[in-house]
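Just so it is clear, none of the values below were taken in a lab; they were calculated from the coordinates. Note that the structure is predicted; figures quoted are calculated from it, not measured. Neighbour counts are summed over all protein chains in view; Cβ atoms, including those assigned to glycine, are modelled from backbone coordinates with ideal geometry.
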């Protein structure tokens, strides 16, 4: 019988807020109730935005909340080789292709259809390159990302994303391939995350199927909203846990506010 494995996987590109606290506490609670494991993962592939001081603060904030997790903690920036290996597997299968377009060039070739994030689908300029042509450009140092060839994948659910970019090394955008790879390598069986990430799930299950990975159980929880009804976020500078601590909030008060 498989032992359930849950994980909380924040990005250290800012301070944690109540929304992060809720997700972490929920994952830990569900892991405990299932007699499973609770893991912490640091998703820091974007080295331009992720900072070591934010990573240290994550550990401190979660420990303050009373959370404990299993060691070692997986740090994504230490495992690019794992992600690159799976990208090459997918390229060998003919399911992804390298894209050399700048953002401006990608926009110029965009289709009318938009993805769940509101971005227009990529027009497929680089899809037309042969493998030999693409490999030659890569060999000469051409910066590139990797896009899913939806025409070759036969997945109506994931097709809402068009030829989605799943990795782009030069800007550290490795989220889709990294999260799927890590969940597999860490044996994650239950993915509990906010409803804002739910649209990405068909893309992740597609990658899992292509790579032969077991599909975890998904649960997308409600979001913590501010007084204006917007979800808490780092970009909106929602009040951080460190600020609440400085104002005298106790762990008990935070847990009660979040329903724990």
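Quick one: helix 80-93 against the long Cα principal axis of the chain, what's the angle to the nearest 10°, folded into 0 to 90? Around 40 degrees separate the two axes.
Here residue 105 and residue 64 are evaluated by their C-beta separation; at R0 = 35 Å the FRET efficiency comes out at 0.15. For a Förster distance of 45 Å, can you work out the FRET efficiency between the beta-carbons of residue 53 and residue 128, rounded to the nearest 0.05? Working from the Cβ atoms, E equals 0.50. Size of region 70-225 from its Cα atoms: along the principal axes, largest to smallest, the extents are 44, 34, 28 Å. Once C-alpha pairs closer than 8 Å and six or more residues apart are averaged by separation and normalised to the residue number of the chain, the relative contact order reads 23 percent.
Of all DSSP-defined beta bridges confined to the chain, some 45% are antiparallel rather than parallel. Distance between the modelled labels on residue 152 and residue 251, one decimal in nanometres: 5.0 nm (7 Å Cα→Cβ projection). Ranked by the mean number of other Cβ atoms within 10 Å of their residues, highest first, the peptides 127-138, 7-18, 59-70 come out as 7-18, 59-70, 127-138. Against the chain, whose longest principal axis is taken from its Cα atoms, helix 201-211 shows a tilt of about 60°.
If you run the Gaussian network model on the chain, springs between alpha carbon atoms under 10 Å, then out of 179, 112, 148 the most flexible one is 112. Helix 52-64 against the longest principal axis of the chain: what's the angle in degrees, Cα atoms only, rounded to the nearest 10? Tilt relative to the chain: about 40 degrees. Region 80-147 and region 22-66 have their alpha-carbon centroids 31 Å apart. Averaging the sequence gap over all C-alpha pairs within less than 8 Å and six or more residues apart, then dividing by the number of residues, gives region 80-175 a relative contact order of 29 percent. Taking every Cα-Cα distance in region 58-144 and sorting them into 10 Å bins starting at zero, the pair-distance distribution P(r) comes out as 13, 29, 27, 16, 14, 1 percent. To the nearest µm²/s, what D does Stokes-Einstein give for region 1-126 at 37 °C and 0.692 mPa s, using the Kirkwood radius over alpha carbon pairs as Rh? Answer from the Stokes-Einstein relation: 187 µm²/s. Considering all alpha-carbon pairs of the chain, what whole percent are spaced by more than 29 angstrom? That tail contains 35 percent of the Cα-Cα pairs.
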